Amino acid sequence: MDGTLTIAQHDFLAIKQELGIPADIDILTSLSMLPPNIKKQKRIELDEIEFKIAKLAKASHGCFNFLKTIHSQTKTLGILTRNSFVNSLETLSAAGILSFFTEQNIICRDRAIPKPNPDGILYLMKQWNAKPEETIMIGDYVFDLEAGKRANVETIYIDPTGLFPFQKEANYKVTKLEEILYL
């Protein structure tokens, strides 16, 4: 979602500093290692930080055309995000693309083990009665690509910079969302 359908706005280092957690470990892993009472408070703080970011979400270039085209082909779309469900809805709403998704197809850290675990992809595939060869994971970060590989589905890596630091994990790479329509 963030960095794929919407323009990436998260400053993860700043979020880690605000939460007072180590800079060298991803946020959710870091929080999972905290004692329960501290973990609960830090998750509340994280939700508040991410909600502020969600309210500012803007659709990525070509997002509307991509989503309209996919819907016209009667393909099913899902969201797999490490964000919370409430913040996912706010992000999609602020970006003006919520109507392209059903709530049951928005899988977040509240509903599945976060990426890079493939749990969310496998859940969606089961819900859709889809086979791995019929499923594609699109993402902008190594966790997205690793989750796709672990679910045995093809992966598309989107990196607007064209640098593709995680290209070994991807089946395809694009710099714009709309390029996926021509793969």
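The values are calculated or read from the model by the stated rules, or taken from the named source; none is laboratory data. These numbers come from a predicted model, not from an experiment. Here the Cβ positions follow ideal geometry from the backbone for every residue, glycine too, while neighbour counts run over all protein chains shown. Areas reflect the complete protein model, heavy atoms only, side chains present, ligands, DNA and RNA absent. Shrake-Rupley method; radii C 1.70, N 1.55, O 1.52, S 1.80 Å.
One residue is enough: does the range 35-54 have a residue meeting the conditions farther than 13 Å from Asp2 by Cα, of a type in the set (S, T, N, Q) and touching a helix residue (DSSP H, G or I) at 6+ places or on another chain (Cβ under 7 Å)? Give the derivation first.
Step one: list which residues in the range 35-54 are farther than 13 Å from Asp2 by Cα, which gives 35-49, 52.
Okay, now just the ones that are also of a type in the set (S, T, N, Q), so 37, 41.
If we keep only those that are touching a helix residue (DSSP H, G or I) at 6+ places or on another chain (Cβ under 7 Å) too, we end up with none.
No, because not a single residue in the range 35-54 is farther than 13 Å from Asp2 by Cα, of a type in the set (S, T, N, Q) and touching a helix residue (DSSP H, G or I) at 6+ places or on another chain (Cβ under 7 Å).
Can you report the number of residues in the range 118-146 which are of a type outside the set (Phe, Trp, Tyr), open to solvent by 50 Å² or more (accessible area, probe 1.4 Å) and over 16 Å from Lys75 (Cα atoms)?
Qualifying residue count for the region: 2.
From the set of residues in the range 14-42 that are of a type outside the set (S, T, N, Q) and open to solvent by 90 Å² or more (accessible area, probe 1.4 Å), which is farthest from Tyr141 (Cα to Cα)? Break it down stepwise before answering.
Residues of the range 14-42 that are of a type outside the set (S, T, N, Q), as a first pass: 14-16, 18-28, 31, 33-36, 38-40, 42.
If we keep only those that are open to solvent by 90 Å² or more (accessible area, probe 1.4 Å) as well, we get 18, 24, 33, 36, 40.
Working: Glu18: 22, Asp24: 16, Met33: 22, Pro36: 28, Lys40: 26 Å.
Filtering the range 14-42 for residues that are of a type outside the set (S, T, N, Q) and open to solvent by 90 Å² or more (accessible area, probe 1.4 Å), the one farthest from Tyr141 (Cα to Cα) comes out as Pro36.
Search the range 41-65 for residues that are on the phi < 0 side of the Ramachandran plot and of a type in the set (A, V, I, L, M) and pair each with any residue that is at pLDDT 95 or above and in a helix (DSSP H, G or I) when their beta-carbon atoms are under 6 Å apart and the residues are at least 6 apart or on different chains.
Ile49/Ile15; Ala54/Asn87; Ala54/Glu90; Ala54/Thr91; Ala57/Thr91; Ala57/Ala94
Restricting attention to the range 1-13, report how many residues are β-branched (Val, Ile, Thr) and open to solvent by 30 Å² or more (accessible area, probe 1.4 Å).
First, the residues of the range 1-13 that are β-branched (Val, Ile, Thr): 4, 6-7.
If we keep only those that are open to solvent by 30 Å² or more (accessible area, probe 1.4 Å) too, we end up with 7.
The qualifying residues number 1.
Go through the range 1-94 and tell me which helices (runs of 4 or more DSSP H), entirely inside it, have 1 or more residues that are more than 19 Å from Ile113 (Cα to Cα). Spell out the reasoning first.
Numbers: elements: 12-19, 27-32, 36-54, 63-72, 85-94.
By residue number, 12-19, 36-54, 63-72, 85-94.
Between a residue in the range 75-95 that is surrounded by fewer than 24 Cβ atoms within 10 Å (Cβ to Cβ) and any residue that is modelled with pLDDT of 95 or more and acidic (Asp, Glu), which pairs come within a Cβ distance under 8 Å, given they are 6 or more apart or on different chains?
Close Cβ pairs (under 8 Å, with a partner that is modelled with pLDDT of 95 or more and acidic (Asp, Glu)) amount to Ser84/Asp47; Ser84/Glu50; Val86/Asp47; Leu89/Glu103.
For Lys115, only one of the following conditions fails: (1) in contact with a Leu (Cβ under 7 Å, 6 or more places away or on another chain); (2) without any contact (Cβ under 8 Å) to a residue 40 or more places away in the chain; (3) surrounded by fewer than 19 Cβ atoms within 10 Å (Cβ to Cβ). What is its number?
Among (1) in contact with a Leu (Cβ under 7 Å, 6 or more places away or on another chain); (2) without any contact (Cβ under 8 Å) to a residue 40 or more places away in the chain; (3) surrounded by fewer than 19 Cβ atoms within 10 Å (Cβ to Cβ), the lone unmet condition for Lys115 is (3).
When residues of the range 156-173 are filtered for being among the aliphatic types (A, V, I, L, M) and either at positive phi or open to solvent by 30 Å² or more (accessible area, probe 1.4 Å) (or both), how many remain?
Residues that pass the stated criteria total 1.
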